[in-house]
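Each value in this text was obtained by applying a stated rule to the coordinates, not by laboratory testing. Because the structure is a prediction, the values reported are computed rather than measured. Note that we place each Cβ from the backbone using ideal geometry, even for glycine, and neighbour counts take in every protein chain shown.
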Amino acid sequence: MLLNVYEALHGYFGDLHWWPGDSPFEVIVGAILTQNTAWKNVEAAIGCLKAEELLHPAKLRRLDDQHLADLIRPAGYYRVKTKRLKAFLNFLNQDCQDDLNTLFADDLWVLRKRLLSVHGIGEETADSILLYAGGKPVFVVDAYTRRIMQRHRLVSDKARYADIQTLFMNDLPRSAPLYNQYHALLVNTGKQFCRKQNPRCESCPLQSFL
DNA sequence: TGCCAGGCCGGGT
DNA sequence: ACCCGGCATGGC
């Protein structure tokens with residue numbers, strides 16, 4: 001069933017290259033900054049960090065909180081996000097000496113649990129990091145995924161994160177490139193057809209699944 | 001103008 | 001185990 005959904009979306013949008021970001025570290029920073037925030041605003045914040053050549057673990061970690069908050073201000077929630085970025089940077093330093101290759105060398109589910117223990121990293125952020133920065137085969141469930149699945153009655157209204165994730169992962173091959181592409185398609189679909197203000201999902205490529 | 005955007009945490013039931 | 005308020009900017 002979910003492969004049919006994939007085919008419908010892929011037929012409409014084609015191949016999408018994702019996630020925006022020039023390096024795994026940039027992807028991680030973006031994953032934290034985009035929490036409940038429009039990507040446009042995240043782009044601006046990352047642009048500020050790049051302009052100062054600060055998009056590196058050690059440099060960011062040494063940056064004064066006030067200065068960091070000021071730079072990521074366009075992304076919103078800038079005080080909480082400063083704390084969350086710092087929490088991750090401290091974790092990265094203590095856990096693997098700032099080396100992402102070492103970080104991602106660990107087993108998928110073990111690493112997921114460790115990420116979830118970092119303050120400010122929840123399920124979606126952890127999975128985005130694992131899939132898009134680490135290339136690990138784990139399915140990302142975000143607001144768009146949930147809304148699209150619920151509106152098309154493919155999951156119940158009270159399905160939890162793990163329920164939806166398991167649904168996808170049990171129904172699809174365990175493939176990082178597939179999950180990457182699939183989630184990108186869902187986000188595009190969500191942005192274009194399935195926003196809160198457009199409850200009918202008019203002319204969405206998934207109409208036939210209603 | 002008001003509502004919303006690629007969540008998460010902490011405190012209260 | 002759920003539910004809710006708080007967190008903040010920028011776009012439509």
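Which log10 I(q)/I(0) values does chain A give at q = 0.19 Å⁻¹ under the Debye formula, counting every alpha carbon as one identical point scatterer?
For chain A, the Cα-only Debye profile gives -1.39.
How much length is gained if the chain between A:A105 and A:M1 is pulled fully straight, taking 0.36 nm per residue apart and subtracting their Cα-Cα distance, in nm to one decimal?
Separation in residues times 0.36 nm, less the Cα-Cα distance, equals 34.2 nm.
Please find the FRET efficiency linking A:A58 to A:A38, where r is the Cβ-Cβ separation and R0 is fixed at 41 Å, and quote it to the nearest 0.05.
In this case the efficiency is close to 0.90.
In 10 Å bins starting at zero, report the fraction of Cα pairs in the stretch A:24-133 per bin as a rounded %.
15, 53, 29, 3
Two decimals, Cα atoms only, Kirkwood Rh: what is Rg/Rh over the stretch A:63-187?
1.01
Taking the mean number of other Cβ atoms within 10 Å as a proxy for protection, how do you rank A:175-184, A:195-204, A:28-37 from highest to lowest?
Put in order of decreasing packing, that is A:28-37, A:175-184, A:195-204.
Could you sort A:58-71, A:117-130 so that the peptide with the highest average Cβ count within 10 Å comes first and the rest follow in order? Can you show the working numbers first?
Values: A:58-71: 14.7, A:117-130: 19.4.
Order by mean packing, descending: A:117-130, A:58-71.
If I histogram all Cα-Cα distances within the stretch A:145-210 using bins 5 Å wide from 0, what percent of pairs lands in each bin?
3, 16, 26, 26, 20, 7, 1
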